[in-house]
Amino acid sequence: ERLRVSSLGVEFVDNELLELFKNPRLSAYVHLSIQSGSDEILKKMNRHYNRAKLLQVLGDLQSLEREDGVQINIGADLIVGFPGETDSDFYDTFSLIPKFGITQLHAFPFSAHHDHYSVPAGKFPNQVDEKTKSERLNALLVEGERVQDLFHQENDGKYFKVLVEGK
C-alpha cells in the first residue's frame, strides 16, 4: 500500500528517484544524510557530493509536484563542530533549514569517539570547542522547530491519506 524511503545519501538522489517521489504510494517524506552544507567540511568528511549537488537535490525535492499534491517533507542528519568548521561553514549548514523547509532534524555535535573507538577526524587540527558545538547545535534545533511549526501551519486543515502501521 505504501513505501517509505529511510536515510538516504545525497549522492544517490537522481532524476529516476525524484520521479518515483511523485507517486502517492511513496511516502511524501525523505530523510537525507546531509551532514554539512559547507563544501570545505563535506570535503574533509570525504562525502561523495559537494554543496552544489546538495542544493540541487534539496531544490528538486522542494519543488517536486506529486500526483496527490502533497508537499515533500524533508528531514536531515546534520553534524556541527566538525574539526575546522568556521562560523561561515556553520552558516552554510544552518541556512539549509529555512531555505529548503527541513522539518525533521537529527543533529549532533561532532565527537572524536564513537562506541569506544576513535574516528580519524578526532586527530584533525582545529578541533571546535564544546561550548561552540553546543551553541551551534542549539541554534540548529531551534531553527528546525521553527520551520517545523511553519510546515504544520501550512498544512493545518488539509486532509492526507495515511497508513497506520500499529497502535
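Separation of the alpha carbons by more than 31 angstrom is noted, of LYS43/LYS133; LYS99/LYS161; LYS43/LYS161; LYS22/LYS53; LYS133/LYS161; LYS53/LYS133, for LYS43/LYS161; LYS133/LYS161. Each principal axis of the Cα cloud of the chain was evaluated for its coordinate range; sorted largest first, these ranges are 50, 32, 31 Å.
The stretch 1-21 and the stretch 77-109 have Cα centres lying 22 Å from one another.
A Cβ-based charge dipole, computed about the Cα centre of the stretch 83-167 with Lys and Arg at +1 and Asp and Glu at -1, lands at about 260 debye. Amide H contacts for GLY37 (H built 1.01 Å from N in the peptide plane; partners 5 or more residues away or on another chain; cut-off under 5 Å): THR93. Between the helical axis of 51-62 and the dominant principal axis of the chain, each derived from Cα atoms, what acute angle in degrees is found, rounded to the nearest 10? On a 0 to 90 degree scale, this one is about 20.
How high is the relative contact order of the stretch 19-138? Use alpha-carbon pairs under 8 Å, at least six apart in sequence, and give a whole percent. Value for the stretch 19-138: 28 percent.
Entry note, the stretch 4-89: relative contact order of 38 percent, from Cα contacts under 8 Å with a spacing of 6+ residues. Expressed as a whole percent, the accessible area of the stretch 60-161 that falls on carbon and sulfur atoms is 52 (1.4 Å probe). Looking at the stretch 54-134, the accessible area is 53 square angstrom per residue; that uses a 1.4 Å probe and ignores ligands, DNA and RNA. List the lysines whose Cα sits under 27 Å from the Cα of LYS167, skipping any in the same chain fewer than 8 residues away. Excluding near neighbours in sequence, the set is LYS158.
The values are calculated or read from the model by the stated rules, or taken from the named source; none is laboratory data. Keep in mind that this is a model prediction, so the values were computed, not measured. Positions of Cβ are backbone-derived with ideal geometry, glycine not excepted, and every protein chain shown enters the neighbour counts. The accessibility values were calculated without ligands, DNA or RNA, using every heavy atom of the protein model including side chains. Shrake-Rupley method; radii C 1.70, N 1.55, O 1.52, S 1.80 Å.
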